[in-house]
Amino acid sequence: MMDPVAIAVVVPRPVHFMGKVELFRNPVLRFLFTRLHGFPVRRGLADREAIRTAQDRVKAGHVLGIFPEGTRNTTAEDHLPLQGGASLIAIKTGAPIIPVVISGFKPFKLRQPVRVVFGRPIDLGGPRRATKADVLEGTKAISAEFSYLLSRNNQGSREIQSGTLV
């Protein structure tokens, strides 16, 4: 829950985040997340409406935050398998991907050092039509950069979250 906050604090522009639809079912959270440029995505499906919203925001010049693992990763060793949404959006819009690794959050600790590390930009070309092979290739490139960042950042932190900015 704090990963979007960590990214938003260090990125000088507003970041528009995709968030699981369950977060938007509570009226108070929906009000908060929409005011903070969030929009819902139905995980586990090809949510075309969320993909269209993401593309529209990127095309309008906004920064888009996506957590391509699709769920919280509680291990410090490696990242979980990635979903292809970040690659798909980057290919269709022509926007570069900036991998981000966040580490140091510990449950129920208010004052703690947190690291937000940005990777090298990944340009997947575009804007163009995306094939399954293109999306898979892009996802592999993101995964490789996450692995590199994690290997350099792994300092025994209990929770590491990987995300991308498009």
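FYI, it's all coordinate maths here, none of it is from the lab. Quick caveat, the model's predicted, so the values are computed rather than measured. Backbone-built Cβ (ideal geometry, glycine too); neighbour counts: all protein chains shown.
Structural remarks
- Over region 3-165: Rg over Rh, Cα atoms, Kirkwood Rh: 0.95
- In summary, the lysines within cross-link reach of Lys132, defined as a Cα separation below 21 angstrom excluding same-chain residues under 8 places away, comprise Lys92, Lys140.
- Put a dot 7 Å past the Cα of Arg25, heading toward its Cβ, do the same for Arg42, and the two dots end up 1.3 nm apart.
- Positive dipole terminus of region 3-165, leading residue within Gln55, Pro96, Leu136 (C-beta point charges): Gln55
- Under the simplified labelling scheme, the Val9-Leu136 pair shows an inter-label distance of 4.0 nm, with each label point 7 Å from Cα along Cα→Cβ.
- Considering only region 3-165, percent of DSSP beta bridges that pair antiparallel, nearest 5: 70 percent
- With neighbours defined as other Cβ atoms within 10 Å of a residue's Cβ, the residues Met18, Met2 order from fewest to most as Met2, Met18.
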